[in-house]
1. Check whether at least one residue in the range A:171-180 is under 19 Å from the mean Cα position of the chain (by Cα) and either buried (at least 23 other Cβ atoms within 10 Å of the Cβ) or under 18 Å from A:R451 (Cβ atoms) (or both), and report yes or no.
2. Name the helices (runs of 4 or more DSSP H) wholly within the range A:25-112 that hold at least 1 residues that are of a type in the set (D, E, K, R)?
3. Within the range A:319-378, which residues are over 28 Å from A:V412 (Cβ atoms), at the interface with another protein chain (Cβ under 9 Å from one of its Cβ atoms) and among the small types (G, A, S)?
4. Check B:P150 against each of (1) under 17 Å from B:A326 (Cα atoms); (2) in a helix (DSSP H, G or I) and name the one condition it does not meet.
5. Which of the residues that make up the range B:32-65 are within 7 Å of chain A (Cβ to nearest Cβ) and not charged (D, E, K, R)?
6. Considering only the range B:175-207, how many residues are at the interface with chain A (Cβ under 8 Å from one of its Cβ atoms) and in a helix (DSSP H, G or I)?
7. Run A:Y437 past the list (1) touching a residue at least 40 places away in the same chain (Cβ under 8 Å); (2) surrounded by fewer than 22 Cβ atoms within 10 Å (Cβ to Cβ); (3) within 14 Å of chain B (Cβ to nearest Cβ) and report the number of the one that doesn't hold.
Amino acid sequence: MEEIQSLLHGFAVALSLKNVVLMFTGIVLGVIIGVLPGLGGANGVAILLPLTFSMAQTPGGATSAIILLSCIYWGALFGGAITSVLFNIPGEPWSVATTFDGYPLAQQGRAGEALTAAFTSSFVGALIAVIVITFLSPLVASFALEFGPPEFFAVYLLTFCAFIGMSKEPPFKTLAAMMAGFALAAVGTDPVTGALRLTFGSVYLLKGFDFLTAVIGLFGIGEILLSLEEGLSFRGGRAGLNPRVVWQTWKELRRYWATALRSAGLGCFMGVVPGGATPASFMAYGVARRMSPEGAKFGTGKLEGVVAPEVANNAAGTSALLPMITLGVPGSPTAAVLLGGLLIWGLQPGPLLFVEQKEFVWGLIASMYLGNIAGLIVVLTCVPLFAAILRIPFSVIAPIIMVICAIGAYTVANSIFDVWMMVVFGVLGYAFKKLQYPLAPMVLAIVLGDRAESAFRQAMLVSQGDLTVFFSNALVGTMTGLALALLAWPLVSLVFGRLRKR
Amino acid sequence: MKSAIRNAVAALLSAAALVPAAHAWEPAKTVEFIVPAGTGGGADQMARTIQAIVAKNNLMKQSLVVINKPGGAGAEGFLEVKGAKGDPHKIIITLSNLFTTPLATGVPFNWRDLTPVKMMALDQFVLWVNASTPYKTAKEFLAAAKAAGPGKFKMAGTGSKQEDQIITVAIEKQTGVKFTYIPFKGGGDVAVQLVGNHVDSTVNNPIEAVAHWRAGKLRPLCVFDSKRMPYKAKVTDTQSWADIPTCKEQGLDVEYLMLRGIFMPGGVSNDQVKYYLNVLRKVQESADWKDLMERGAFNTTSLEGKEYADWVAREEARHVQLMKSAGFIGSGQ
């Protein structure tokens, strides 16, 4: 068990006083970054990257530097759940699925439980992913190489179809919302011809619609408009301060081990591929809804509906570091910045990093274990504090949220136009909610539409227009087949339902 | 009375400042360092390295902040700098999209809207194939691509109608081979697609593919420069960057280097340009910079002033030529 020996050595590196201090600093910073919408993990890490430059020059310094930066990343992964649960504002794309059950829970005065479930699940997801990285990295890295354009498209197709097939909303409303999202995602540069499209000559539309601006508006501002109409109160106001909430929730969480394991598996798969944490969280939520005996009640505030996406997104976010380290392909925007960091510090990500920079790699892996434990401690101790935010009167908190949202939208690209865009999206979000159209499929399409389109068109270039490329081998064929089956699911169940009634 | 003293002190201070450098201009607030590309790419890495070197060695009193403006193949970043005429608190790093984006998309900007400050380096391009293929030389590879028939060999590259595709078309014009060009988002993805055998070749920058070369997964065939790269330290067990032949040696007469240069908005004063020139010179003298150059096997040609502007003008003319012959000139919307 060479791995265990290397890992123990890694722990020795990561457990120096300096590194432990850096770890906690990183986690706290990360949580703050995760809480502020707009200032995502990628931005946070990028801002701090230059500070680590001189740090990395000292012996063993590169390890300290990556510990600091990766802990910011873990912190942001934890922190992203907080605003999703409390205010229905996902700070990161992969927290969108957490709002489905997390926010209803908070409205019922059970914010503490929802947060505990989210944090604990994050931890479990990350832990399982780190174990996978520790023992299976060579195997997993070569699996990622199997993925060409058709395989990537199949993954995205699977995510979209899973959503339509498993959504609680009427499938046609889901489809309509998703198509609107695709249209928004298409604005900007055509990924294959490089031409501009749908910009109507406007300079502001060049960069397309950023997910964060859309989500801050659709969820954040939309929710506030809705609350305004419903009489200026947060329904979560009754939230009791209960210091024992963590223990009580843990007792209940044990029941969902199967969901957690399934979601972790999905998350690791998506992280390694790298398909990303966002599809992972949506798929895990969809699967949990289908498999759970209480599936029909998902969306009304079930802890299991918080567990599934949170386990999956953290498993994916964590395992996304594996292709970054072994192949130099970042699985997420934050991983892309970390990758830049490695290069600046003079480390070459690639298959040889495990051989040449043993101390660095195992120090990093050890810090994943320790960083997540540190993160769990930090966020769990703050649960009652976070939950208490909901006790602040709406008339005080709403303007603060508005201001934070506006700052968030501005920081995405330092552009005041985005703040106006946020307002427009806010009104759109309000209209969607009033008309009972689901927002999540639209957001999903904005996040993944671009990538799905690129993958599809790349695949078409490769195959010279032959659609059978999506069934050309077992891997891609299985995924495409599964996707189509899921897409047809509502239709099939409708037919069966009718037949049974007779 | 107080204000009289303040005036006197201010006069003294400015007199003192006059002694070392007459009217030396310095930034009065945070300087924005704009990257017209996404995070993690080559331009972004270089900008962040410069930022780190500046911070580490205290080269500027005000801070330097890197901001990514990748929209519209970089048009977003360039338009911002174009619009900031006379603002000395903005600088921008360029890649080839300085020339290609306005030509391909019709977005109205040109390097003449900006003030050239300094060429930092030139980025190399290398023709790579998967190490499991039998092609040992560019000649063999191109012969095989020709034999396979038009469009059968797939070339992956970063972006569309940008440097990688321009080189691909230049190869096609030279040899009569026809590739299917497949655009990906970043250089790292491109390299991995080649390692995974999903495409047949790439023209990755050295820094994008070196890790896989060292791991024995990729094989470099030739470099698109007029002479071999100067770095003689062994990169793999048997080869150094200097061992890679030029494409011209291999009978493929295609040369392409990508500008990594710094510009300011138009309408800034000479003193202001001089200030940044000074800072950037010091950056280039640092050991960290030299490290980066060697790791990425950069061509360290560095120009300033009129020579730099002339070089950019020549390069622009060449890109118009290249883009025109490739049919990449767009009309805008």
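1. Quick first cut of the range A:171-180, residues under 19 Å from the mean Cα position of the chain (by Cα) only: A:178.
Those left that are additionally either buried (at least 23 other Cβ atoms within 10 Å of the Cβ) or under 18 Å from A:R451 (Cβ atoms) (or both): A:178.
The answer is yes, given that some residue of the range A:171-180 is under 19 Å from the mean Cα position of the chain (by Cα) and either buried (at least 23 other Cβ atoms within 10 Å of the Cβ) or under 18 Å from A:R451 (Cβ atoms) (or both).
2. On the way: elements: A:41-55, A:61-87, A:96-107.
Here the list reads A:96-107.
3. Listed by number, the residues that qualify are A:G346, A:G350.
4. The single condition B:P150 does not satisfy is (2).
5. Filtering the range B:32-65 down to residues within 7 Å of chain A (Cβ to nearest Cβ) leaves B:39-40, B:44-45, B:48-49, B:51-52, B:55-56.
Residues satisfying the conditions are B:T39, B:G40, B:Q45, B:T49, B:Q51, B:A52, B:A55.
6. 7
7. Result: A:Y437 fails condition (3) only.
So that you can scan it fast, the table gives a plain yes or no per residue for (1) buried (at least 24 other Cβ atoms within 10 Å of the Cβ); (2) assigned by TED's automatic domain parsing to the domain that holds B:N205; (3) closer than 15 Å to B:W311 by Cβ:
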{"position": "B:K90", "(1), (2), (3)": "no, no, no"}
{"position": "B:T94", "(1), (2), (3)": "yes, no, yes"}
{"position": "B:L98", "(1), (2), (3)": "yes, no, yes"}
{"position": "B:L103", "(1), (2), (3)": "no, no, no"}
{"position": "B:P116", "(1), (2), (3)": "yes, no, yes"}
{"position": "B:N130", "(1), (2), (3)": "no, yes, no"}
{"position": "B:Y135", "(1), (2), (3)": "no, yes, no"}
{"position": "B:K139", "(1), (2), (3)": "no, yes, no"}
{"position": "B:A143", "(1), (2), (3)": "no, yes, no"}
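The values are calculated or read from the model by the stated rules, or taken from the named source; none is laboratory data. From a predicted model like this one, the values you see are computed outputs, not experimental measurements. We place every Cβ from the backbone using ideal geometry, glycine too, and count neighbours over all the protein chains shown.
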